[in-house]
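No lab work stands behind these numbers, since they all come straight from the coordinates. The model shown is predicted, which means the values in this text are computed figures rather than measured ones. In this analysis, Cβ positions are derived from the backbone assuming ideal geometry, glycine residues included, and neighbour counts consider all displayed protein chains.
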Amino acid sequence: MHAACLAASAQEPAACDLTSRVRLLDHRGPDDLQTACLPGGICFGFARLAIIDRAGSAQPLTYPASGPQAGRWTLVYNGELYNYRELREELGREHGAVFATDGDAEVFAAVLNFWGPEGLHRLRGMFAYAAWDSHEKVLHAGRDPFGIKPLYYQVTSGGVWLASEGKALPGTDDRLDIEALSYYLTMQYVPEPYTLDMSVRRLGAGSRLVWRPGAQMEVIRYNRPAFRPQPGLALEQATRRIRDALRDSVRAHLVADVPVGAFLSSGIDSAAVVAFAREHHSDLTVFSAGFDISGYSEIELAEQTARHLGVRLVPTVVTEQDVLRELPRIIWHLDDPVADPALVPLYFLARNASRQVKVVLSGEGADELFAGYRIYREPFALAPVRRLPPYLQSGLRRLSAAMPEGVRGKSYLNRATTPIEARYYGNARIFDDEQKAALIGHLGLPASHRALTAAAYAEAADLDDATTMQYVDLQTWLPGDILTKADRMTMAHSLELRVPFLDQHVFAAAACLPPELKLPPGRAVTKYALRQALRHVVPPFVVDRPKLGFPTPTAHWLRGELGEWTREIFDSSGAGELLNLDYARRLLAAHRRRDADHARRLWTLLTFCLWHAVFVENRFGESIPPRSQESLHLPTH
């Protein structure tokens, strides 16, 4: 229903700048812009994308609308509650709650009013919110359990600022977070709670905060989705749970007073979402993306699926020229750099879809919940060595160290003799510690990924290795990369993206799966139980098709015109005080000579240099939204 929020709780002159800050987010909500300042300097602003109760439910919203406690709560809320009608009925029945609107924002406020923070566990949906309790003089804010919707915060001398995107915050610190930069160079994204601005942080998934004027802010993790495998669970029972839960989730995610579509790739996840949505919308329109380079397009495969399911597909073809023209704008929308090339086709896909619908369903989250990444099979491949006594593993590790680079088996022995918490930190492994030392060693000792993932490994101590890897990704990769790019690239075009796999009931069906139902031994297949559950739902040619995930021809582009532009960016970048750009140029030269494939590393460096150019150097002004240019403020170093 709502696609942007900014709340400032401050007793300082900057509060009067609220309207201009909310305008920085009008791509998230172009349908309405409202602000409100309460006694004591508590100010709220909201840019609305109207999806449900379009004529009502303006924000900031006050609750209750009447009665002895009238106006106790002031709320801004970004997201959707898919069970708001059920909650509305329950609140009315149990507490006599009365509602002045037909939307879900007022239901959210009523949940806080009658149930308090414990009511968050009853919410089915995606959300980031900020709510001021005028009776208790307390600001409450929080995010949904999976981190689908973002929430940034900044503590200042006068109070605390909150926003859906960091660009709307004051951002007055002049220090770049070197630890966050180090994580970025390893993982291709800046992990939560970090940003590159030392003064700005992101509230973690499933977390809420409490702030009282004059007191220290408190952050509380209220929901932590956990895997609980059930040994011996029968495949038939598991697949029935999965199918029923996903079908119901898709049904719930279709609630809207505006046109709804879906993204469709070549894989099973999006095909399942489309198939279930088609049961309720016979005229469903779906959207897919590809490239004008052979071997890098899923459009033909998606068209095959669309014909089988009886839906209309709208294709988007992305060219190298499109990327050259739009990449600075894409970086601006990200706030912090995310070097996942898949966000490029997603940006253009969302732009095309937004011309016909205001809401799309997508398949994000399926791989993390049901073990869809091939890397999750690694523990089975390493098992023969992992089962050896420690002294034999030590000997094999010494043998691996003595083997020349490139010799077959060296990498296998090295990984097999390395504990999982040291070798796995997510799907992306861009620069290792030695390479980071060459890039940023002059800035100090680079941060280790183990510091970031230690808590997740401790929480997953009783799980098998493959499920542990899923849990690490659920805590880091999913909110930091997958959901960040999904939110930013769709909101860039005022398009609301919904993710039916990231639903509490679907997660419950996934969390109980034992490893053999996700990754059966001796079979080169991923998310086995999910595939079996959908065998008669999606087209048969989709069931066992390997994941492609909008493959992007970055390696090809970097040997063409984009490579020339990348060299110019490196040569002119002001990021030379942070990165060793001579090292970057050597990587680019080797890639262009075809001595090696450095595409992922080069894309990571290019993305950071563009981020620096946009946010620090204030370059590419013609490529970013005009109202935003004068307000950009991020640290230099």
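Where the only charges are on Cβ atoms (+1 Lys, Arg; -1 Asp, Glu), what is the dipole of region 558-631 about its Cα centre, to the nearest 20 debye? Could you put the intermediate results ahead of the total?
On the way: 11 positive and 11 negative charges, 79 e Å.
Once rounded to the nearest 20, the dipole reads 380 debye.
Tell me the label-point distance for the pair HIS505, HIS536, using the 7 Å Cα-to-Cβ offset, in nm and rounded to one decimal.
2.0
About the Cα centre of the chain, what is the dipole size in debye to 20, counting +1 per Lys and Arg Cβ and -1 per Asp and Glu Cβ, all else neutral? Working shown, then result.
On the way: 70 positive and 74 negative charges, 326 e Å.
Roughly 1560 debye, rounded to the nearest 20.
Quick query: amide H of THR285 versus all other amide H atoms, modeled in the peptide plane; which residues come in under 5 Å with a sequence gap of 5 or more or a different chain?
Long-range HN contacts for THR285: ALA262.
Under Stokes-Einstein, with the Kirkwood radius over Cα pairs standing in for Rh, what whole-number D in µm²/s applies to region 252-308 at 4 °C and 1.567 mPa s?
107
If packing is taken as the mean number of other Cβ atoms within 10 Å per residue, what is the order of 277-290, 448-461, 75-88, highest first?
In descending order of packing, they fall as 75-88, 277-290, 448-461.
Once amide H atoms are placed 1.01 Å from N in the peptide plane, what residues at a sequence separation of 5 or more from LYS149, or on another chain, have their amide H within under 5 Å of its amide H?
Result for LYS149 returns PHE127, ASP144.
First obtain the Kirkwood hydrodynamic radius of the chain from its Cα pairs, then insert it into the Stokes-Einstein equation at 10 °C and 1.306 mPa s, and state the resulting D in µm² per second as a whole number.
62
By a straight-distance test (C-alpha under 20 Å), which lysines pair with LYS436 as possible cross-link partners, with residues fewer than eight away in the same chain excluded?
Within the straight-line cut-off, LYS436 pairs with nothing.
Between region 514-530 and region 248-263, what's the alpha-carbon centroid distance in Å?
Result: 30 Å between the Cα centres.
Tell me whether region 65-151 comes out rounded, prolate or oblate; compute the Cα gyration tensor, take square roots of the eigenvalues as a ≥ b ≥ c, and use a/c under 1.5 as the rounded threshold.
The shape class here is oblate.
Given N residues in region 374-426, what is its alpha carbon radius of gyration divided by 2.2 N^0.38 Å?
That works out to 1.10 for region 374-426.
Rounded to the nearest 0.05, what FRET efficiency do LYS137 and ALA438 have when you use their Cβ-Cβ distance and R0 = 45 Å?
Computed FRET efficiency for LYS137 and ALA438 comes out at 0.30.
Calculate, for ILE375 and ARG355, the FRET efficiency according to 1/(1 + (r/R0)^6) with r their C-beta to C-beta distance and R0 45 Å; round to the nearest 0.05.
According to the calculation, E is roughly 0.80.
Lysines near LYS137 by alpha-carbon distance under 28 Å, same-chain residues fewer than 8 away left out - which ones?
Hits, sequence-local ones excluded: LYS149, LYS167.
Quick one: what are the phi-derived ³J(HN,Hα) couplings along region 342-359, Karplus 6.51/-1.76/1.60 with θ = phi - 60°, whole Hz, x for glycine and proline?
With the stated coefficients, region 342-359 comes to 5, 6, 5, x, 4, 4, 6, 4, 5, 4, 5, 5, 5, 6, 10, 9, 10, 9 Hz.
Going by amide H atoms built from the backbone, whose H comes under 5 Å of the H on VAL318, apart from near neighbours?
Residues meeting the amide H criterion: GLY290, PHE291, ASP292.
Return the Cα extents of region 429-515 along principal axes one, two and three, sorted largest first, each rounded to a whole Å.
48, 43, 17
Tell me, what ³J(HN,Hα) does each residue in region 212-220 have, in order and in whole Hz, if you take phi through Karplus 6.51 cos²θ - 1.76 cosθ + 1.60 with θ = phi - 60° and put x for Gly and Pro?
Here the 3J(HN,Hα) series is 10, x, x, 10, 6, 6, 10, 10, 10 Hz.
Could you work out the helix-only [θ] at 222 nm for the chain, with each DSSP H run of four or more residues adding -39,500 (n - 2.57) and the total divided by the number of residues, to the nearest 500 deg cm²/dmol?
That calculation yields -11500 deg cm²/dmol at 222 nm.
Determine ³J(HN,Hα), in whole Hz, for all residues of region 185-190 in sequence, where each value follows from phi through the Karplus function 6.51 cos²θ - 1.76 cosθ + 1.60 and θ = phi - 60°; x replaces Gly and Pro.
In residue order, the calculated couplings are 5, 7, 9, 6, 8, 8 Hz.
Just to be sure I understand the model, the point goes 7 Å from the Cα along the line to the Cβ. What's the resulting SER448 to MET217 distance in nm?
3.0
Among LEU169, VAL317, VAL537, which residue has its Cα furthest toward the positive end of the charge dipole of the chain, with +1 on Lys/Arg Cβ and -1 on Asp/Glu Cβ?
Positive-most Cα among the choices belongs to VAL537.
Mind checking which of GLY574, ASN352, ALA36 is farthest towards the positive end of the chain's charge dipole, using Cβ charges of +1 (Lys, Arg) and -1 (Asp, Glu) about the Cα centre?
Of GLY574, ASN352, ALA36, it is ASN352.
Kindly state, to the nearest 0.05, the FRET efficiency for LYS410 paired with ARG240, given R0 = 41 Å and r defined as their beta-carbon distance.
0.35
Could you work out how much longer the chain between ARG251 and VAL317 gets when fully extended? Use 0.36 nm per residue separation minus the Cα distance between them, nm to one decimal.
Contour length minus Cα-Cα distance gives 20.8 nm.
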